[in-house]
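Some notes on the structure that comes next.
Just so it is clear, none of the values below were taken in a lab; they were calculated from the coordinates. Worth saying up front: this structure is predicted, and the values here are computed from it rather than measured. Positions of Cβ are generated from backbone atoms using ideal geometry, with glycine treated the same way; all protein chains shown enter the neighbour counts.
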Amino acid sequence: ADVLLKGIFGGYPTGRKDTLVFKITGGDIPAMVSSSSYTVVVQKYCNVEMAEYTGTYLCQDYYNNAPDGGPYEVEITPGAVGADGTTGKISVLGLWGSPVPFNVDLNWKDPADFKTSVAPHPCLVHPTYGQSTIRPNGSGTFSSCDNTFKITYEVTVAAGTFGKYYSTLTKL
């Protein structure tokens, strides 16, 4: 059987996911038990256009899922798209007030799960503890529809860690 499924893209809010389950119960011939149920997940999708990420964003840092300080502005510069067309990079300037760009990898290979990740790299120099390093803390997310990013990371120094954080960035 063919089932035609149409949606209304413009009215579908970002972040909403609906699950449709189709069950085939019979007809001219009985349904195969192993192929009688199909699940479709519906959500808004926007193509990734790296140039759209250029600009000023409002950044809020979180520690233990609570805001850590007030929001502040950062600048994003997009980088190159990977050879496969489903990965790319952005550079964030001003995270934690650092003059050192914070590099973020983007991955949209799974159209239902856009991810951010960071590779270890130096960050700001702390006046007491010296050079700090950003390192990965799982993966975050991003929305090509809303120009928003959630970046997860840990900040460490030679003496230990400042903790595991995430930052949300929303384009102004």
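Packing, taken as the mean count of other beta carbons within 10 Å per residue, orders the peptides 108-120, 62-74 from highest to lowest as 108-120, 62-74. A simple count of charges around Val40, restricted to other residues whose Cβ falls under 13 Å of its Cβ and scoring Lys, Arg +1 and Asp, Glu -1, yields +2. Taking the square roots of five times each eigenvalue of the Cα gyration tensor of the chain, the equivalent ellipsoid has semi-axes of 41, 17, 15 Å, listed largest first. Largest GNM mean-square fluctuation across Lys44, Lys89, Lys23, computed for the chain with C-alpha springs under 10 Å, falls on Lys23. No other cysteine beta carbon under 4.7 Å away is the test; run it over the chain and list who passes. Within the chain, the cysteines lacking a partner Cβ under 4.7 Å are Cys59, Cys123. Name the most mobile residue of Val81, Val40, Val157, meaning the one with the largest mean-square fluctuation, in a Gaussian network model of the chain with Cα contacts below 10 Å. Residue with maximal mean-square fluctuation among Val81, Val40, Val157: Val40.
In summary, the range 1-92 shows an alpha-carbon radius of gyration equal to 1.75 times the 2.2 N^0.38 Å reference for compact globular proteins.
Annotation: peptides 144-151, 46-53, ranked by per-residue average of other Cβ atoms within 10 Å with the highest first, follow the order 144-151, 46-53. Think of the chain as a dipole: +1 on every Lys or Arg Cβ, -1 on every Asp or Glu Cβ, centred on the Cα centre; then among Gln60, Val41, Thr86, Val41 lies furthest on the positive end.
The modelled label-to-label distance for the pair Thr170/Val100, using points 7 Å beyond Cα in the direction of Cβ, is 3.0 nm. For a paramagnetic label modelled on Asp84 (point 7 Å from Cα along Cα→Cβ), amide N atoms under 17 Å away belong, within the range 43-57, to 48.
Listed by chain and number, the aspartates and glutamates placed with their C-alpha closer than 16 angstrom to that of Lys17 are Asp110, Asp113, Asp146; residues fewer than eight positions away on the same chain are left out. Computed from the Cβ-Cβ distance with R0 of 45 Å, the FRET efficiency linking Lys6 to Glu73 stands at 0.65. For the residue pairs Lys6/Lys44; Lys44/Lys150; Lys6/Lys115, the alpha carbons lie more than 23 Å apart in Lys6/Lys115. Charge dipole (Cα centre; +1 on Lys/Arg Cβ, -1 on Asp/Glu Cβ; no other charges) of the range 1-141 amounts to roughly 240 debye.
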